[in-house]
1. When you scan the stretch 303-310, do you find a residue that is surrounded by fewer than 22 Cβ atoms within 10 Å (Cβ to Cβ) and within 24 Å of residue 204 (Cα to Cα), even just one?
2. On the basis of being surrounded by 15 or more Cβ atoms within 10 Å (Cβ to Cβ), farther than 23 Å from residue 379 by Cβ and in contact with a strand residue (DSSP E or B) (Cβ under 7 Å, 6 or more places away or on another chain), does residue 242 make the cut?
3. Hey, can you tell me all the residues within the stretch 444-464 that are part of a loop (DSSP other than H, G, I, E, B) and surrounded by 14 or more Cβ atoms within 10 Å (Cβ to Cβ)?
4. Suppose the filter is outside any strand (DSSP E or B) and touching a helix residue (DSSP H, G or I) at 6+ places or on another chain (Cβ under 6 Å); does residue 126 pass it?
5. Among the listed residues 547, 452, identify the single one that is closer than 26 Å to residue 584 by Cα and in contact (Cβ under 8 Å) with a residue 24 or more places away in the chain.
6. (1) over 24 Å from the mean Cα position of the chain (by Cα); (2) not in a strand (DSSP E or B): which one isn't true of residue 55, the others all being true?
7. At least 2 residues that are over 26 Å from residue 618 (Cβ atoms) in each: list the strands (runs of 3 or more DSSP E) lying fully within the stretch 465-520 that qualify.
8. Does the stretch 611-625 include one or more residues that are at pLDDT 95 or above and within 26 Å of the chain's Cα centre (by Cα)?
(Lines give C-alpha, C1' and ligand atoms only; values in the text may rest on other atoms or scores of the structure.)
Protein backbone atom coordinates (compact mmCIF):
# COMPACT_ATOMS: atom_id res chain seq x y z
CA UNK A 1 0.00 0.00 0.00
CA UNK A 2 3.01 2.32 -0.28
CA UNK A 3 1.52 4.05 -3.29
CA UNK A 4 -1.39 5.28 -1.15
CA UNK A 5 0.59 6.36 1.88
CA UNK A 6 3.28 8.80 2.88
CA UNK A 7 5.73 7.88 5.62
CA UNK A 8 6.52 10.91 7.81
CA UNK A 9 9.89 11.81 9.26
CA UNK A 10 8.58 10.43 12.52
CA UNK A 11 7.71 7.14 10.83
CA UNK A 12 9.84 4.87 12.96
CA UNK A 13 10.36 6.01 16.51
CA UNK A 14 12.08 3.50 18.74
CA UNK A 15 11.29 3.87 22.42
CA UNK A 16 12.35 1.59 25.23
CA UNK A 17 9.83 0.89 27.98
CA UNK A 18 11.04 0.73 31.54
CA UNK A 19 12.52 -2.63 32.51
CA UNK A 20 9.78 -3.11 35.06
CA UNK A 21 7.04 -3.15 32.44
CA UNK A 22 8.48 -4.70 29.32
CA UNK A 23 11.57 -6.43 28.02
CA UNK A 24 10.73 -5.49 24.43
CA UNK A 25 11.35 -2.33 22.43
CA UNK A 26 8.37 -0.28 21.35
CA UNK A 27 8.21 0.64 17.70
CA UNK A 28 5.89 3.47 16.66
CA UNK A 29 5.18 3.82 12.97
CA UNK A 30 3.28 6.88 11.67
CA UNK A 31 1.84 7.12 8.18
CA UNK A 32 -0.83 9.05 6.31
CA UNK A 33 -3.55 7.63 4.11
CA UNK A 34 -5.70 10.36 2.64
CA UNK A 35 -6.97 12.50 5.53
CA UNK A 36 -6.25 9.78 8.09
CA UNK A 37 -3.10 9.52 10.18
CA UNK A 38 -2.40 5.95 11.26
CA UNK A 39 -0.12 5.20 14.20
CA UNK A 40 0.91 1.61 14.80
CA UNK A 41 2.70 0.65 17.99
CA UNK A 42 4.37 -2.72 18.40
CA UNK A 43 4.61 -4.08 21.96
CA UNK A 44 2.64 -1.06 23.17
CA UNK A 45 3.11 0.68 26.46
CA UNK A 46 0.04 1.49 28.53
CA UNK A 47 -0.38 4.98 27.09
CA UNK A 48 0.24 7.10 24.07
CA UNK A 49 0.70 10.61 25.47
CA UNK A 50 -1.07 13.17 23.28
CA UNK A 51 0.13 16.82 23.22
CA UNK A 52 -2.75 19.30 23.55
CA UNK A 53 -3.08 22.86 22.25
CA UNK A 54 -6.30 24.24 23.70
CA UNK A 55 -6.90 27.03 21.21
CA UNK A 56 -6.93 24.70 18.20
CA UNK A 57 -9.83 22.82 16.64
CA UNK A 58 -10.53 19.23 17.58
CA UNK A 59 -9.17 16.27 15.66
CA UNK A 60 -10.78 12.83 16.03
CA UNK A 61 -8.74 10.04 17.62
CA UNK A 62 -9.67 6.34 17.68
CA UNK A 63 -8.10 3.20 19.11
CA UNK A 64 -8.92 0.75 16.33
CA UNK A 65 -9.51 -2.70 17.81
CA UNK A 66 -12.04 -3.79 15.21
CA UNK A 67 -14.82 -3.73 17.81
CA UNK A 68 -18.24 -2.16 17.33
CA UNK A 69 -17.54 -0.27 20.56
CA UNK A 70 -14.53 1.59 19.15
CA UNK A 71 -15.24 5.28 19.67
CA UNK A 72 -13.82 8.43 18.11
CA UNK A 73 -12.69 10.98 20.70
CA UNK A 74 -12.42 14.71 20.02
CA UNK A 75 -8.94 15.96 20.92
CA UNK A 76 -7.35 19.39 20.45
CA UNK A 77 -4.00 18.07 19.23
CA UNK A 78 -1.00 20.39 19.09
CA UNK A 79 -0.55 22.25 15.81
CA UNK A 80 2.27 24.72 16.47
CA UNK A 81 2.49 24.78 20.26
CA UNK A 82 1.74 22.53 23.22
CA UNK A 83 -0.01 23.28 26.52
CA UNK A 84 0.04 19.86 28.22
CA UNK A 85 -0.27 16.12 27.57
CA UNK A 86 -3.14 13.69 28.16
CA UNK A 87 -2.89 9.88 28.23
CA UNK A 88 -4.58 7.79 25.54
CA UNK A 89 -4.86 4.14 26.62
CA UNK A 90 -3.51 1.66 24.06
CA UNK A 91 -5.12 -1.47 25.45
CA UNK A 92 -3.54 -4.90 25.53
CA UNK A 93 -2.03 -6.86 22.68
CA UNK A 94 1.11 -7.08 20.58
CA UNK A 95 0.07 -4.18 18.35
CA UNK A 96 -2.02 -1.07 18.90
CA UNK A 97 -3.46 0.97 16.04
CA UNK A 98 -4.48 4.58 16.57
CA UNK A 99 -6.24 6.56 13.85
CA UNK A 100 -6.50 10.34 13.69
CA UNK A 101 -8.79 12.39 11.46
CA UNK A 102 -8.36 16.09 10.84
CA UNK A 103 -4.68 16.43 11.72
CA UNK A 104 -2.31 18.19 9.32
CA UNK A 105 0.75 16.24 8.25
CA UNK A 106 3.08 18.91 9.61
CA UNK A 107 1.31 19.24 12.97
CA UNK A 108 3.64 19.54 15.93
CA UNK A 109 1.73 16.77 17.69
CA UNK A 110 3.31 14.11 15.49
CA UNK A 111 6.80 14.93 16.70
CA UNK A 112 5.76 15.23 20.35
CA UNK A 113 3.90 11.93 20.76
CA UNK A 114 5.28 9.83 23.60
CA UNK A 115 4.90 6.23 24.71
CA UNK A 116 4.74 5.62 28.43
CA UNK A 117 3.54 3.15 31.02
CA UNK A 118 2.77 5.99 33.42
CA UNK A 119 1.20 9.43 33.37
CA UNK A 120 2.39 12.05 35.83
CA UNK A 121 -0.58 13.67 37.59
CA UNK A 122 1.54 15.84 39.89
CA UNK A 123 -0.24 19.16 40.16
CA UNK A 124 1.23 21.89 37.94
CA UNK A 125 -1.78 24.20 38.01
CA UNK A 126 -1.43 27.19 40.33
CA UNK A 127 -5.18 27.62 40.75
CA UNK A 128 -5.99 24.00 41.52
CA UNK A 129 -7.77 23.93 44.91
CA UNK A 130 -6.10 22.37 47.92
CA UNK A 131 -9.07 20.69 49.61
CA UNK A 132 -11.93 20.76 47.09
CA UNK A 133 -12.38 17.77 44.80
CA UNK A 134 -10.95 18.14 41.30
CA UNK A 135 -10.07 15.56 38.65
CA UNK A 136 -6.41 14.61 38.40
CA UNK A 137 -6.40 16.12 34.92
CA UNK A 138 -8.86 17.08 32.22
CA UNK A 139 -12.26 18.74 32.37
CA UNK A 140 -15.05 18.23 34.91
CA UNK A 141 -18.53 19.71 35.11
CA UNK A 142 -21.74 18.26 36.63
CA UNK A 143 -21.52 15.86 39.57
CA UNK A 144 -23.93 13.02 38.78
CA UNK A 145 -24.91 9.49 39.77
CA UNK A 146 -23.89 10.08 43.38
CA UNK A 147 -24.75 7.19 45.68
CA UNK A 148 -23.76 5.82 49.09
CA UNK A 149 -23.15 2.09 49.51
CA UNK A 150 -21.21 -0.10 51.93
CA UNK A 151 -19.45 2.77 53.67
CA UNK A 152 -18.44 4.57 50.48
CA UNK A 153 -19.69 7.75 48.89
CA UNK A 154 -19.50 7.38 45.12
CA UNK A 155 -18.95 10.62 43.25
CA UNK A 156 -19.46 10.29 39.51
CA UNK A 157 -19.07 13.37 37.34
CA UNK A 158 -19.10 14.68 33.79
CA UNK A 159 -15.53 14.19 32.64
CA UNK A 160 -13.35 14.77 29.60
CA UNK A 161 -10.10 12.80 29.98
CA UNK A 162 -8.73 14.18 26.70
CA UNK A 163 -8.49 17.87 27.47
CA UNK A 164 -9.38 20.64 29.88
CA UNK A 165 -12.31 21.95 27.88
CA UNK A 166 -15.76 20.41 27.57
CA UNK A 167 -16.07 17.30 25.39
CA UNK A 168 -16.00 13.49 25.28
CA UNK A 169 -18.39 13.11 28.17
CA UNK A 170 -17.56 10.13 30.38
CA UNK A 171 -18.64 9.43 33.93
CA UNK A 172 -15.52 10.08 35.98
CA UNK A 173 -15.39 8.37 39.36
CA UNK A 174 -14.04 8.87 42.86
CA UNK A 175 -14.93 7.34 46.23
CA UNK A 176 -14.70 8.60 49.80
CA UNK A 177 -15.51 7.35 53.27
CA UNK A 178 -15.87 10.85 54.74
CA UNK A 179 -16.87 13.23 51.89
CA UNK A 180 -13.51 14.98 52.24
CA UNK A 181 -10.72 12.58 51.25
CA UNK A 182 -11.34 11.19 47.76
CA UNK A 183 -9.73 8.28 45.95
CA UNK A 184 -9.58 8.74 42.19
CA UNK A 185 -10.71 5.73 40.16
CA UNK A 186 -10.90 4.98 36.45
CA UNK A 187 -13.87 6.44 34.56
CA UNK A 188 -16.91 4.28 35.26
CA UNK A 189 -18.88 4.77 32.02
CA UNK A 190 -17.11 5.82 28.84
CA UNK A 191 -18.36 7.71 25.84
CA UNK A 192 -19.48 5.19 23.21
CA UNK A 193 -20.30 5.15 19.48
CA UNK A 194 -23.84 6.34 20.24
CA UNK A 195 -22.51 9.53 21.79
CA UNK A 196 -21.69 11.35 25.00
CA UNK A 197 -22.61 9.97 28.42
CA UNK A 198 -24.46 12.89 29.96
CA UNK A 199 -25.63 13.40 33.54
CA UNK A 200 -27.95 11.11 35.47
CA UNK A 201 -28.30 9.31 38.76
CA UNK A 202 -27.56 6.00 40.48
CA UNK A 203 -29.58 3.82 42.83
CA UNK A 204 -28.95 0.69 44.88
CA UNK A 205 -31.42 -1.93 43.64
CA UNK A 206 -31.98 -3.58 47.02
CA UNK A 207 -34.87 -5.75 45.79
CA UNK A 208 -33.32 -6.71 42.44
CA UNK A 209 -36.22 -5.13 40.58
CA UNK A 210 -34.17 -4.82 37.40
CA UNK A 211 -32.86 -8.39 37.50
CA UNK A 212 -29.19 -7.42 37.49
CA UNK A 213 -28.56 -8.73 41.00
CA UNK A 214 -29.58 -7.83 44.53
CA UNK A 215 -27.94 -4.60 45.68
CA UNK A 216 -26.55 -3.88 42.23
CA UNK A 217 -25.82 -0.22 41.58
CA UNK A 218 -27.90 0.91 38.62
CA UNK A 219 -26.82 4.03 36.75
CA UNK A 220 -29.47 5.90 34.78
CA UNK A 221 -27.97 8.38 32.33
CA UNK A 222 -28.60 10.37 29.17
CA UNK A 223 -26.98 9.22 25.94
CA UNK A 224 -26.46 12.22 23.67
CA UNK A 225 -26.05 11.12 20.05
CA UNK A 226 -24.11 12.77 17.24
CA UNK A 227 -27.33 14.34 15.93
CA UNK A 228 -28.08 15.59 19.47
CA UNK A 229 -31.00 13.27 20.17
CA UNK A 230 -31.16 12.62 23.91
CA UNK A 231 -32.40 9.32 25.32
CA UNK A 232 -32.27 7.69 28.75
CA UNK A 233 -30.21 4.54 29.26
CA UNK A 234 -29.18 2.31 32.14
CA UNK A 235 -26.07 0.40 33.13
CA UNK A 236 -25.43 -1.87 36.10
CA UNK A 237 -22.54 -2.65 38.41
CA UNK A 238 -21.97 -5.68 40.62
CA UNK A 239 -18.52 -4.62 41.84
CA UNK A 240 -19.51 -1.69 44.05
CA UNK A 241 -19.67 0.83 41.25
CA UNK A 242 -16.17 0.34 39.85
CA UNK A 243 -17.29 -0.88 36.43
CA UNK A 244 -20.63 -0.85 34.64
CA UNK A 245 -22.24 -2.98 31.94
CA UNK A 246 -24.58 -1.12 29.62
CA UNK A 247 -28.02 -2.69 29.27
CA UNK A 248 -28.48 -4.31 25.86
CA UNK A 249 -32.05 -3.04 25.69
CA UNK A 250 -31.05 0.65 25.81
CA UNK A 251 -32.52 3.17 25.48
CA UNK A 252 -35.15 2.64 28.16
CA UNK A 253 -36.86 6.00 27.61
CA UNK A 254 -37.24 8.36 24.66
CA UNK A 255 -39.24 11.62 24.54
CA UNK A 256 -42.80 11.02 23.34
CA UNK A 257 -42.77 14.33 21.44
CA UNK A 258 -39.31 14.16 19.86
CA UNK A 259 -37.94 16.84 22.18
CA UNK A 260 -34.22 17.52 21.73
CA UNK A 261 -33.49 18.77 25.27
CA UNK A 262 -34.48 15.68 27.27
CA UNK A 263 -31.82 14.77 29.79
CA UNK A 264 -30.36 14.28 33.27
CA UNK A 265 -32.68 11.65 34.83
CA UNK A 266 -32.97 11.49 38.61
CA UNK A 267 -34.43 8.21 39.87
CA UNK A 268 -35.78 7.53 43.37
CA UNK A 269 -37.81 4.81 45.09
CA UNK A 270 -41.35 5.90 46.04
CA UNK A 271 -42.34 3.68 48.93
CA UNK A 272 -46.07 4.48 48.82
CA UNK A 273 -46.31 3.30 45.23
CA UNK A 274 -43.76 0.47 45.61
CA UNK A 275 -42.05 1.56 42.41
CA UNK A 276 -39.32 3.72 40.95
CA UNK A 277 -39.92 7.28 39.79
CA UNK A 278 -37.81 9.27 37.38
CA UNK A 279 -37.79 13.00 36.86
CA UNK A 280 -36.08 14.23 33.72
CA UNK A 281 -35.57 17.75 32.42
CA UNK A 282 -37.55 18.37 29.25
CA UNK A 283 -36.52 21.81 27.99
CA UNK A 284 -38.61 24.20 30.10
CA UNK A 285 -40.42 21.63 32.25
CA UNK A 286 -39.70 18.53 34.30
CA UNK A 287 -41.42 15.24 33.50
CA UNK A 288 -42.26 12.44 35.93
CA UNK A 289 -42.18 8.76 34.89
CA UNK A 290 -42.60 5.56 36.91
CA UNK A 291 -41.38 1.98 36.57
CA UNK A 292 -41.42 -1.34 38.41
CA UNK A 293 -38.12 -2.56 36.97
CA UNK A 294 -36.08 0.48 35.81
CA UNK A 295 -36.48 -0.74 32.22
CA UNK A 296 -40.05 0.09 31.22
CA UNK A 297 -41.23 3.59 32.04
CA UNK A 298 -44.69 5.17 32.01
CA UNK A 299 -45.33 8.90 31.79
CA UNK A 300 -47.01 10.37 34.88
CA UNK A 301 -47.07 14.18 34.80
CA UNK A 302 -45.06 17.36 34.28
CA UNK A 303 -44.12 20.35 36.39
CA UNK A 304 -42.42 23.69 35.99
CA UNK A 305 -43.41 25.24 32.70
CA UNK A 306 -43.44 29.01 33.13
CA UNK A 307 -42.55 28.75 36.83
CA UNK A 308 -39.61 30.04 38.82
CA UNK A 309 -36.98 32.17 37.13
CA UNK A 310 -37.72 33.05 33.49
CA UNK A 311 -36.48 32.70 30.84
CA UNK A 312 -34.57 29.51 31.47
CA UNK A 313 -33.81 25.98 30.37
CA UNK A 314 -34.00 23.16 32.90
CA UNK A 315 -31.16 20.71 33.58
CA UNK A 316 -30.07 18.28 36.30
CA UNK A 317 -33.28 18.05 38.36
CA UNK A 318 -33.43 16.45 41.79
CA UNK A 319 -36.35 15.40 44.01
CA UNK A 320 -36.27 14.45 47.69
CA UNK A 321 -38.08 14.83 51.01
CA UNK A 322 -37.08 17.01 53.95
CA UNK A 323 -38.67 17.50 57.38
CA UNK A 324 -39.76 21.05 58.20
CA UNK A 325 -37.59 22.40 61.02
CA UNK A 326 -36.47 18.82 61.70
CA UNK A 327 -40.02 17.59 62.42
CA UNK A 328 -40.38 14.21 60.68
CA UNK A 329 -44.14 14.40 61.13
CA UNK A 330 -44.16 17.34 58.75
CA UNK A 331 -42.43 16.28 55.55
CA UNK A 332 -42.24 18.26 52.32
CA UNK A 333 -41.01 17.34 48.86
CA UNK A 334 -38.30 19.50 47.33
CA UNK A 335 -37.47 19.82 43.65
CA UNK A 336 -34.13 21.42 42.88
CA UNK A 337 -33.73 22.58 39.33
CA UNK A 338 -30.52 23.71 37.70
CA UNK A 339 -31.17 26.29 35.02
CA UNK A 340 -29.02 27.60 32.20
CA UNK A 341 -29.53 30.42 31.62
CA UNK A 342 -31.53 32.05 34.37
CA UNK A 343 -29.03 32.94 37.10
CA UNK A 344 -29.93 36.22 38.79
CA UNK A 345 -26.42 37.42 37.89
CA UNK A 346 -26.20 35.75 34.48
CA UNK A 347 -25.55 32.23 33.20
CA UNK A 348 -26.31 29.11 35.23
CA UNK A 349 -27.65 28.59 38.76
CA UNK A 350 -29.75 26.33 41.02
CA UNK A 351 -33.31 27.15 42.09
CA UNK A 352 -35.80 25.05 44.06
CA UNK A 353 -39.48 24.47 44.73
CA UNK A 354 -41.07 23.10 47.93
CA UNK A 355 -44.43 21.34 47.92
CA UNK A 356 -46.31 18.05 48.03
CA UNK A 357 -46.27 14.91 45.88
CA UNK A 358 -49.07 12.32 45.76
CA UNK A 359 -47.52 9.84 43.34
CA UNK A 360 -48.94 11.66 40.35
CA UNK A 361 -48.56 15.42 40.67
CA UNK A 362 -46.07 17.69 42.39
CA UNK A 363 -47.78 20.84 43.66
CA UNK A 364 -46.05 23.95 44.93
CA UNK A 365 -48.21 26.81 46.27
CA UNK A 366 -45.59 29.51 45.68
CA UNK A 367 -44.17 28.09 42.44
CA UNK A 368 -43.88 31.52 40.84
CA UNK A 369 -41.46 32.65 43.54
CA UNK A 370 -37.77 32.38 42.72
CA UNK A 371 -35.78 30.62 45.43
CA UNK A 372 -32.03 30.24 44.91
CA UNK A 373 -30.12 27.43 46.60
CA UNK A 374 -26.96 29.55 46.43
CA UNK A 375 -26.62 33.27 45.73
CA UNK A 376 -23.21 33.24 44.06
CA UNK A 377 -22.42 32.95 40.38
CA UNK A 378 -20.42 29.71 40.53
CA UNK A 379 -22.82 27.15 41.94
CA UNK A 380 -24.40 24.83 39.39
CA UNK A 381 -25.57 21.27 38.74
CA UNK A 382 -26.28 20.67 42.42
CA UNK A 383 -27.51 17.12 43.02
CA UNK A 384 -27.77 14.89 46.08
CA UNK A 385 -26.51 11.44 47.02
CA UNK A 386 -28.99 8.59 47.01
CA UNK A 387 -29.21 5.93 49.74
CA UNK A 388 -28.01 8.20 52.58
CA UNK A 389 -30.91 7.59 54.96
CA UNK A 390 -32.28 10.71 56.64
CA UNK A 391 -29.42 12.94 55.54
CA UNK A 392 -29.72 14.94 52.31
CA UNK A 393 -26.20 15.65 51.09
CA UNK A 394 -25.47 17.63 47.96
CA UNK A 395 -22.46 18.56 45.87
CA UNK A 396 -22.21 21.30 43.28
CA UNK A 397 -19.97 22.25 40.35
CA UNK A 398 -18.16 25.53 41.00
CA UNK A 399 -18.37 27.36 37.71
CA UNK A 400 -20.76 29.10 35.34
CA UNK A 401 -21.48 28.16 31.73
CA UNK A 402 -20.89 31.76 30.63
CA UNK A 403 -17.13 31.38 31.12
CA UNK A 404 -16.49 27.80 32.28
CA UNK A 405 -14.21 27.07 29.30
CA UNK A 406 -12.31 30.34 29.77
CA UNK A 407 -11.16 30.17 33.39
CA UNK A 408 -7.35 30.30 33.82
CA UNK A 409 -6.76 26.61 34.50
CA UNK A 410 -4.66 24.28 32.33
CA UNK A 411 -3.97 20.84 33.78
CA UNK A 412 -7.52 20.48 34.98
CA UNK A 413 -10.58 22.67 34.75
CA UNK A 414 -13.47 22.17 37.14
CA UNK A 415 -13.92 21.73 40.90
CA UNK A 416 -16.75 20.72 43.21
CA UNK A 417 -18.05 22.89 45.97
CA UNK A 418 -17.78 21.59 49.50
CA UNK A 419 -20.31 18.87 50.36
CA UNK A 420 -23.40 20.46 51.87
CA UNK A 421 -26.21 19.22 54.08
CA UNK A 422 -29.66 20.46 53.10
CA UNK A 423 -32.36 21.23 55.65
CA UNK A 424 -35.79 22.85 55.45
CA UNK A 425 -37.13 25.68 57.55
CA UNK A 426 -40.39 27.63 57.60
CA UNK A 427 -40.52 31.42 57.66
CA UNK A 428 -43.67 33.52 57.43
CA UNK A 429 -45.66 30.62 56.02
CA UNK A 430 -43.15 29.74 53.30
CA UNK A 431 -40.46 27.07 53.11
CA UNK A 432 -36.77 27.60 52.45
CA UNK A 433 -33.67 25.43 52.26
CA UNK A 434 -30.61 26.03 54.40
CA UNK A 435 -27.46 24.71 52.80
CA UNK A 436 -24.56 24.48 55.23
CA UNK A 437 -21.30 22.57 54.85
CA UNK A 438 -21.53 18.95 55.93
CA UNK A 439 -19.98 18.56 59.42
CA UNK A 440 -17.37 16.22 57.95
CA UNK A 441 -15.74 19.29 56.38
CA UNK A 442 -14.50 20.52 59.75
CA UNK A 443 -11.97 17.68 59.77
CA UNK A 444 -10.02 19.83 57.30
CA UNK A 445 -8.99 22.20 60.09
CA UNK A 446 -5.27 21.81 60.75
CA UNK A 447 -4.48 24.85 62.86
CA UNK A 448 -6.60 27.58 64.44
CA UNK A 449 -5.85 31.19 65.33
CA UNK A 450 -8.26 32.64 67.88
CA UNK A 451 -8.35 36.41 67.43
CA UNK A 452 -9.44 39.08 69.86
CA UNK A 453 -12.94 40.50 69.65
CA UNK A 454 -13.01 43.87 67.93
CA UNK A 455 -15.23 46.93 67.97
CA UNK A 456 -14.52 48.62 64.65
CA UNK A 457 -15.46 52.19 63.72
CA UNK A 458 -13.45 52.35 60.49
CA UNK A 459 -11.05 49.49 59.78
CA UNK A 460 -8.81 47.01 61.54
CA UNK A 461 -6.06 45.30 59.57
CA UNK A 462 -5.10 41.72 60.38
CA UNK A 463 -2.20 41.67 57.96
CA UNK A 464 -0.63 38.28 57.38
CA UNK A 465 -3.09 36.46 59.61
CA UNK A 466 -3.51 33.80 56.90
CA UNK A 467 0.12 33.81 55.78
CA UNK A 468 1.73 30.41 55.14
CA UNK A 469 -1.70 28.87 54.57
CA UNK A 470 -1.26 28.65 50.79
CA UNK A 471 -4.55 30.42 50.19
CA UNK A 472 -6.52 27.63 51.89
CA UNK A 473 -8.26 28.73 55.07
CA UNK A 474 -11.56 29.36 56.85
CA UNK A 475 -12.74 32.50 58.64
CA UNK A 476 -15.44 32.36 61.32
CA UNK A 477 -16.97 35.39 62.99
CA UNK A 478 -20.09 36.73 64.66
CA UNK A 479 -20.76 40.11 63.10
CA UNK A 480 -23.06 42.77 64.56
CA UNK A 481 -23.37 45.67 62.12
CA UNK A 482 -24.80 49.09 62.90
CA UNK A 483 -28.51 49.17 62.10
CA UNK A 484 -28.01 51.38 59.01
CA UNK A 485 -24.36 50.79 58.27
CA UNK A 486 -22.00 48.49 56.41
CA UNK A 487 -19.78 45.92 58.11
CA UNK A 488 -17.42 43.71 56.18
CA UNK A 489 -14.52 41.30 56.04
CA UNK A 490 -11.96 41.83 53.30
CA UNK A 491 -9.49 39.12 52.29
CA UNK A 492 -6.52 40.18 50.20
CA UNK A 493 -2.96 39.52 49.08
CA UNK A 494 0.03 41.83 48.79
CA UNK A 495 -0.70 42.46 45.09
CA UNK A 496 -3.64 44.75 45.96
CA UNK A 497 -6.16 42.09 44.99
CA UNK A 498 -9.11 41.58 47.28
CA UNK A 499 -12.51 39.99 47.78
CA UNK A 500 -14.95 41.83 50.03
CA UNK A 501 -17.81 40.26 51.97
CA UNK A 502 -20.04 42.75 53.71
CA UNK A 503 -23.44 43.37 55.29
CA UNK A 504 -25.28 46.38 53.88
CA UNK A 505 -27.97 46.91 56.50
CA UNK A 506 -29.62 49.84 54.75
CA UNK A 507 -30.17 47.68 51.66
CA UNK A 508 -30.85 44.52 53.67
CA UNK A 509 -28.20 42.53 51.78
CA UNK A 510 -25.07 40.50 52.28
CA UNK A 511 -22.66 41.04 49.38
CA UNK A 512 -19.58 39.34 47.94
CA UNK A 513 -17.60 41.64 45.65
CA UNK A 514 -14.93 40.05 43.45
CA UNK A 515 -14.39 42.93 41.01
CA UNK A 516 -10.81 43.35 42.28
CA UNK A 517 -10.24 39.71 43.28
CA UNK A 518 -7.56 38.91 40.69
CA UNK A 519 -7.66 37.81 37.06
CA UNK A 520 -11.03 38.71 35.58
CA UNK A 521 -10.62 39.97 32.01
CA UNK A 522 -11.72 36.60 30.62
CA UNK A 523 -15.19 37.66 31.77
CA UNK A 524 -15.25 40.08 28.83
CA UNK A 525 -15.20 37.07 26.50
CA UNK A 526 -18.01 35.20 28.24
CA UNK A 527 -20.51 33.31 26.13
CA UNK A 528 -24.08 33.90 27.33
CA UNK A 529 -26.70 31.32 26.31
CA UNK A 530 -28.75 32.09 23.19
CA UNK A 531 -31.84 32.38 25.39
CA UNK A 532 -30.09 34.97 27.53
CA UNK A 533 -28.93 36.96 24.49
CA UNK A 534 -32.47 36.98 23.12
CA UNK A 535 -33.70 38.29 26.48
CA UNK A 536 -31.02 41.00 26.37
CA UNK A 537 -32.41 42.18 23.03
CA UNK A 538 -35.95 42.18 24.36
CA UNK A 539 -34.95 44.24 27.40
CA UNK A 540 -32.95 46.63 25.19
CA UNK A 541 -36.07 47.23 23.10
CA UNK A 542 -37.82 48.16 26.35
CA UNK A 543 -35.03 50.56 27.27
CA UNK A 544 -33.61 48.24 29.95
CA UNK A 545 -30.08 46.96 30.45
CA UNK A 546 -29.42 43.18 30.54
CA UNK A 547 -30.86 41.58 33.68
CA UNK A 548 -27.48 40.22 34.79
CA UNK A 549 -26.14 43.78 34.86
CA UNK A 550 -29.22 45.23 36.53
CA UNK A 551 -29.22 42.54 39.23
CA UNK A 552 -25.49 42.64 39.98
CA UNK A 553 -23.63 45.17 42.12
CA UNK A 554 -20.55 46.93 40.75
CA UNK A 555 -20.78 45.12 37.39
CA UNK A 556 -17.58 45.35 35.28
CA UNK A 557 -17.95 42.25 33.11
CA UNK A 558 -19.65 38.86 33.35
CA UNK A 559 -17.03 37.72 35.87
CA UNK A 560 -15.98 40.94 37.59
CA UNK A 561 -19.06 41.81 39.65
CA UNK A 562 -20.60 41.49 43.10
CA UNK A 563 -23.35 39.02 44.02
CA UNK A 564 -25.77 39.47 46.90
CA UNK A 565 -28.49 37.80 48.94
CA UNK A 566 -31.39 39.24 50.99
CA UNK A 567 -30.94 39.17 54.74
CA UNK A 568 -34.67 38.48 55.01
CA UNK A 569 -33.75 34.80 54.65
CA UNK A 570 -32.34 34.95 58.18
CA UNK A 571 -34.46 35.14 61.32
CA UNK A 572 -36.50 38.30 61.73
CA UNK A 573 -35.00 40.84 64.09
CA UNK A 574 -31.47 39.49 63.74
CA UNK A 575 -28.73 41.82 64.94
CA UNK A 576 -25.79 39.43 64.92
CA UNK A 577 -24.91 37.14 62.01
CA UNK A 578 -22.60 34.14 62.08
CA UNK A 579 -20.40 33.97 59.00
CA UNK A 580 -18.29 31.05 57.83
CA UNK A 581 -15.99 31.76 54.88
CA UNK A 582 -14.04 29.01 53.08
CA UNK A 583 -11.18 30.15 50.85
CA UNK A 584 -9.33 27.70 48.63
CA UNK A 585 -6.93 29.35 46.15
CA UNK A 586 -9.52 29.97 43.43
CA UNK A 587 -12.83 29.95 45.29
CA UNK A 588 -14.65 31.66 48.14
CA UNK A 589 -17.72 30.04 49.75
CA UNK A 590 -19.78 32.03 52.22
CA UNK A 591 -22.31 30.59 54.68
CA UNK A 592 -24.44 32.87 56.86
CA UNK A 593 -26.36 31.60 59.89
CA UNK A 594 -25.88 27.90 59.25
CA UNK A 595 -26.50 28.08 55.52
CA UNK A 596 -29.66 30.15 55.44
CA UNK A 597 -27.59 32.08 52.95
CA UNK A 598 -24.93 30.36 50.85
CA UNK A 599 -22.85 32.16 48.24
CA UNK A 600 -20.17 30.60 46.02
CA UNK A 601 -17.82 32.50 43.72
CA UNK A 602 -14.58 31.76 41.91
CA UNK A 603 -11.61 34.12 42.30
CA UNK A 604 -8.19 34.10 40.63
CA UNK A 605 -5.66 36.11 42.68
CA UNK A 606 -2.12 36.08 41.28
CA UNK A 607 -0.78 35.45 44.79
CA UNK A 608 -2.51 33.68 47.67
CA UNK A 609 -4.80 35.66 49.91
CA UNK A 610 -3.21 36.06 53.33
CA UNK A 611 -4.51 39.32 54.81
CA UNK A 612 -7.81 40.02 56.53
CA UNK A 613 -9.34 43.42 57.21
CA UNK A 614 -12.42 44.19 59.27
CA UNK A 615 -14.13 47.38 58.13
CA UNK A 616 -17.24 49.49 58.54
CA UNK A 617 -19.04 52.45 57.03
CA UNK A 618 -21.64 54.70 58.64
CA UNK A 619 -21.32 53.35 62.13
CA UNK A 620 -19.55 50.82 64.30
CA UNK A 621 -19.63 47.03 64.12
CA UNK A 622 -18.76 44.28 66.54
CA UNK A 623 -16.71 41.28 65.41
CA UNK A 624 -16.64 38.48 67.97
CA UNK A 625 -15.53 34.84 68.14
CA UNK A 626 -13.19 35.54 65.24
CA UNK A 627 -11.16 32.52 64.15
CA UNK A 628 -8.92 31.70 61.20
CA UNK A 629 -8.45 27.99 60.49
CA UNK A 630 -5.73 26.65 58.23
CA UNK A 631 -7.34 23.98 56.03
CA UNK A 632 -5.86 21.01 54.24
CA UNK A 633 -6.27 17.34 53.43
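1. Checking the stretch 303-310: not a single residue is surrounded by fewer than 22 Cβ atoms within 10 Å (Cβ to Cβ) and within 24 Å of residue 204 (Cα to Cα).
2. So residue 242 does not fit the description; no.
3. 451
4. no
5. None of the others qualify; the one that does is 452.
6. Here residue 55 meets the rest and fails (1).
7. Filter on the stretch 465-520 gives 472-480.
8. No, that holds for no residue.
The values are calculated or read from the model by the stated rules, or taken from the named source; none is laboratory data. No experiment lies behind these values; they were computed from the predicted model shown. Glycine gets a Cβ as well: all are built from the backbone with ideal geometry, and neighbour counts include every protein chain shown.
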